[in-house]
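Undergrad: First, the structure itself, so that you have it in front of you.
The values are calculated or read from the model by the stated rules, or taken from the named source; none is laboratory data. Source: prediction; values computed, not measured. Heads up, the Cβs are rebuilt from the backbone with ideal geometry, glycines too, and the neighbour counts pull from every protein chain shown. Keep in mind that these areas ignore ligands, DNA and RNA; they rest on the heavy atoms of the full protein, side chains included. Shrake-Rupley method; radii C 1.70, N 1.55, O 1.52, S 1.80 Å.
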Amino acid sequence: MSAESPASQAVSPKDRFLTVYGRKPVLEALGDPGLDVDKVILADSVRGPVVAEIRRAARASGVPVQRASAHRVKVLAGNGKQDQGVLADVVARRMRPLAAALAGPKPPARVLVLDGITTPANVGMILRTATAAGLGGIVVPRRGVAALDPLVVKASAGVAFRAPMLRCASAAEAAGLLAGAGYRLYGLGASGSGSLFEAEFPARAAFVLGGETAGVGPEVRERVSEWLSIPMPGEVESLNVSAAAAVLCFELVRRGR
């Protein structure tokens with residue numbers, strides 16, 4: 001029996017770190033004793049007091065500083081206008097690949113799946129709410145969802161660094177992996193025929209939250225077993241996706257109590 005190769009066991013940096021960019025966010029990360037900063041990368045073009053201040057903060061925290069071309073920093077940051085030539089990779093301790101979580105000894109019983117949610121504020125608030133509610137996993141695909149950047153971190157009030165994020169390529173891939181692992185998929189939408197407050201959930205359940213405009217994508221929609229709605233007796237058609245996520249998360253908390 002041959003052992004699995006190290007390469008096949010490797011975890012992408014995108015599934016280990018949250019990248020913050022800009023002088024102030026990087027300095028804040030370096031000064032936070034609760035965060036584990038893996039490294040700081042400075043663009044070759046950055047000079048002067050800014051570099052000295054960041055180097056001092058990194059040295060005080062025992063964090064290595066690397067140099068790279070300005071273009072490389074822009075690519076790594078994913079934001080060419082606001083990176084200010086500096087970024088830091090912060091270890092997200094509870095972030096891991098979805099496939100690894102499902103293959104582990106204790107897969108999460110309740111999972112959120114984000115599909116097409118492109119507003120950073122919504123993603124950040126969902127991460128904060130779901131973490132507060134104690135959900136076992138929040139699937140944040142690398143494609144089709146707002147990038148995990150400082151805007152998301154800010155909206156989460158820093159909770160993103162310790163949120164139980166599960167990573168995969170797309171929401172469609174997540175739906176397939178979850179269905180294959182025995183999860184029943186529920187879609188949350190205003191037109192759902194069942195009530196969130198009355199539905200019975202199995203031991204493993206995944207709840208799909210669709211994008212702000214298009215909702216749940218067609219590939220994921222095919223995997224959804226049941227559509228649920230939040231009863232709204234008032235004259236409002238729907239809730240913002242982050243508000244709907246909050247109702248869902250704390251309904252699960254209520255049931256758990």
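Undergrad: Grab the beta carbon distance between Asp44 and Ala100, set R0 = 30 Å, and tell me the FRET efficiency rounded to 0.05.
TA: With R0 = 30 Å, the Cβ-Cβ based efficiency is 0.25.
Undergrad: Give a quick list of trypsin sites (Lys or Arg not before Pro) in the range 114-180 that DSSP marks as loop, anything other than H, G, I, E or B, with at most 16 other Cβ atoms within 10 Å.
TA: The qualifying sites are Arg142, Arg143.
Undergrad: For the range 24-128, which whole percent of the accessible surface, found with a 1.4 angstrom probe, sits on carbon and sulfur atoms?
TA: Numbers: 2790 of 5310 Å².
Looking at the range 24-128 in its full context, I get 52 percent from C and S.
Undergrad: Within 11 Å, Cβ to Cβ, of Asp38, how many net charges do the neighbouring residues add up to if Lys/Arg are +1 and Asp/Glu are -1?
TA: 0
Undergrad: Taking R0 as 35 Å, what's the FRET efficiency between Asp32 and Arg254 from their Cβ-Cβ distance, rounded to 0.05?
TA: Working: r = 33 Å, r/R0 = 0.94.
In this case the efficiency is close to 0.60.
Undergrad: Looking at the range 35-76, I'd like the Rg to Rh ratio, where Rg is from alpha-carbon atoms and Rh is Kirkwood's inverse mean 1/r.
TA: Answer for the range 35-76: 0.97.
Undergrad: Here is a further query. Going Cα to Cα from Lys154, which lysines come in below 21 Å? Please leave out same-chain ones fewer than 8 positions away.
TA: Counting by Cα, and skipping residues close in sequence, Lys154 has these lysines nearby: Lys14, Lys24, Lys39, Lys74, Lys81.
Undergrad: By how many nm would the segment from Lys81 to Ser193 lengthen if fully extended, with 0.36 nm per residue of separation less the alpha-carbon distance?
TA: 35.8 nm
Undergrad: Full extension from Glu53 to Ala214: what is 0.36 nm times the residue separation minus their Cα-Cα distance, to one decimal in nm?
TA: Additional length available on full extension: 53.5 nm.
Undergrad: For the range 165-257, which GluC sites (Glu not before Pro) are in a loop by DSSP, counting at most 14 other Cβ atoms within 10 Å?
TA: Within the range 165-257, the qualifying GluC sites (Glu not before Pro) (loop, at most 14 other Cβ atoms within 10 Å) are Glu198, Glu200, Glu212, Glu222, Glu235, Glu237.
Undergrad: Continuing with this model, one more query. Compute the convex hull volume of the Cα atoms of the chain, divide it by the residue count, and report the result per residue in Å³ as a whole number.
TA: Each residue corresponds to 156 Å³ of Cα convex hull volume.
Undergrad: Per residue, how many Å² of accessible area does the chain show with a 1.4 Å probe?
TA: 51
Undergrad: Considering all projection directions equally, how large on average is the shadow of the alpha-carbon convex hull of the range 17-111, in square nanometres?
TA: Value for the range 17-111: 7.5 nm².
Undergrad: To continue, here is another question. Convert 20 °C to kelvin, take the viscosity as 1.002 mPa s, use the Kirkwood radius over C-alpha pairs of the range 124-257 as Rh, and evaluate the Stokes-Einstein diffusion coefficient in µm²/s, rounded to a whole number.
TA: Here the translational diffusion coefficient equals 140 µm²/s.
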